[in-house]
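K.L.:
Can you read through this structure? Questions will come right after.
The values are calculated or read from the model by the stated rules, or taken from the named source; none is laboratory data. For clarity, every value in this text was computed on a predicted model and none was experimentally measured. FYI the Cβ positions are ideal-geometry reconstructions off the backbone, even for glycines, and counts take in every protein chain you see. With ligands, DNA and RNA removed, areas are computed over all heavy atoms of the protein, side chains included. Shrake-Rupley method; radii C 1.70, N 1.55, O 1.52, S 1.80 Å.
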Amino acid sequence: ERESIRAEFSSLNRFVTILKSNATRLICLVENLLDLSSIEAGRIALDRKPIILQETIEEVIEQFSTTAREHNPKIIFRTPDGSSTVVKVDTGRWQQILGNLLDNAIRFAKTSIVISTRLSTNFVEIQFEDDGPGIPVDQIDELFTRFVQIRAHQGKRHTGLGLSITRALVEAHG
């Protein structure tokens, strides 16, 4: 009888785990749709404050460290030594941008992700490189389109909204 109870408990535990995972995905989808709707309607208010870019990137990497360990890629952050680039951005939205990009890289990378920054006169370039399957050349133009999933990545479950939100938030920052 104990074995029967254990088996039933184990089965129930798996069911609750799946239910929680699906509820989390649904909440994320609704939040993404609301974000995108607000951005497209021009109703997004950015609260710009000066931040040190490198520190913010390191914080986002730390936030995703558990997910990265589960998927196995090593995250390498390259920045010029002693570099402290101050940018004026909406901190929460900037973390969302970086988080979306890092989340994508973690999902598709095999062994490594390299994040690097480069300062130019009028802008900062942040580059994410990974050793994942890449994007077919004929689909690069669709990369930031809502609900589009790249053919090479369709085995992965996601909404196809993250990069379109990321692009809209970057454009909102100017």
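K.L.:
What is the sum of charges, Lys and Arg at +1 and Asp and Glu at -1, for the other residues whose Cβ falls under 9 Å from the Cβ of residue 110? Write down the numbers at each step before the final one.
P.N.:
Values: positive: none; negative: 130, 131.
Net charge in that neighbourhood comes out at -2.
K.L.:
Right, next: Please report the carbon-and-sulfur percent of the accessible area for segment 16-174; probe 1.4 Å, protein heavy atoms only, DNA, RNA and ligands left out. Don't skip to the answer; put the middle values down first.
P.N.:
Values: 5150 of 9860 Å².
The value for segment 16-174 is 52 percent carbon and sulfur by accessible area.
K.L.:
Next up: From the backbone phi of segment 47-54, what are the Karplus-calculated ³J(HN,Hα) couplings (6.51 cos²θ - 1.76 cosθ + 1.60, θ = phi - 60°) in whole Hz, Gly and Pro given as x?
P.N.:
My calculation for segment 47-54 gives 9, 6, 9, x, 9, 8, 3, 4 Hz in order.
K.L.:
Please turn the phi angles of segment 55-63 into ³J(HN,Hα) values with the Karplus equation 6.51 cos²θ - 1.76 cosθ + 1.60 (θ = phi - 60°), one per residue in order, whole Hz, x for glycine and proline.
P.N.:
So the Karplus estimates, Gly and Pro as x, are 5, 5, 4, 4, 5, 5, 4, 5, 4 Hz.
K.L.:
Comparing 20, 88, 74, which has the greatest mean-square fluctuation in the GNM of the chain with Cα pairs linked when under 10 Å apart?
P.N.:
Among 20, 88, 74, the largest GNM mean-square fluctuation belongs to 20.
K.L.:
If you don't mind, another one. Just flag the chymotrypsin sites (Phe, Trp or Tyr not before Pro) in segment 85-174 sitting in loop per DSSP whose Cβ has no more than 10 other Cβ atoms within 10 Å.
P.N.:
On the way: sites: 94, 108, 123, 128, 144, 147; in loops: 123, 144, 147.
Those satisfying the criteria are 123, 147.
K.L.:
Can you work out the FRET efficiency for the pair residue 159 and residue 83, with r the C-beta to C-beta distance and R0 = 35 Å, to the nearest 0.05? List each step's numbers first, then the result.
P.N.:
Details: r = 34 Å, r/R0 = 0.98.
With R0 = 35 Å, the Cβ-Cβ based efficiency is 0.50.
K.L.:
Please list 3J(HN,Hα) in residue order for segment 9-14, calculated via the Karplus relation 6.51 cos²θ - 1.76 cosθ + 1.60 where θ = phi - 60°; whole Hz, with x for glycine and proline.
P.N.:
5, 4, 5, 5, 4, 4
K.L.:
Could you grab the relative contact order for the chain? Cα pairs under 8 Å, six or more apart, rounded to a whole percent.
P.N.:
On the way: 191 pairs, mean separation 36.6, N = 174.
That works out to 21 percent.
K.L.:
Springs between alpha-carbon pairs under 10 angstrom, Gaussian network model over the chain: which of 140, 115, 106 fluctuates most?
P.N.:
Maximum among the listed residues: 140.
K.L.:
Let me ask you something else. Under 14 Å between alpha carbons, and skipping anything fewer than 8 positions from residue 49 in its own chain: which aspartates and glutamates qualify?
P.N.:
Residue 49 reaches 90.
K.L.:
What residue among 112, 84, 21 shows peak mean-square fluctuation when the chain is described by a Gaussian network model with Cα springs under 10 Å?
P.N.:
Largest GNM mean-square fluctuation: 21.
K.L.:
How much accessible surface does residue 17 have with a 1.4 Å probe, in Å² rounded to 10?
P.N.:
80
K.L.:
Report, in debye and to the nearest 20, how large the dipole of the chain comes out about its Cα centre when Lys and Arg carry +1 and Asp and Glu carry -1 on their Cβ. Working shown, then result.
P.N.:
Details: 21 positive and 23 negative charges, 62 e Å.
Computed about the Cα centre, the dipole is about 300 debye.
K.L.:
If amide H atoms are built 1.01 Å from N in the plane of the peptide, which residues on other chains or at least 5 residues away come under 5 Å of the amide H of residue 89?
P.N.:
Result for residue 89 returns 49, 51.
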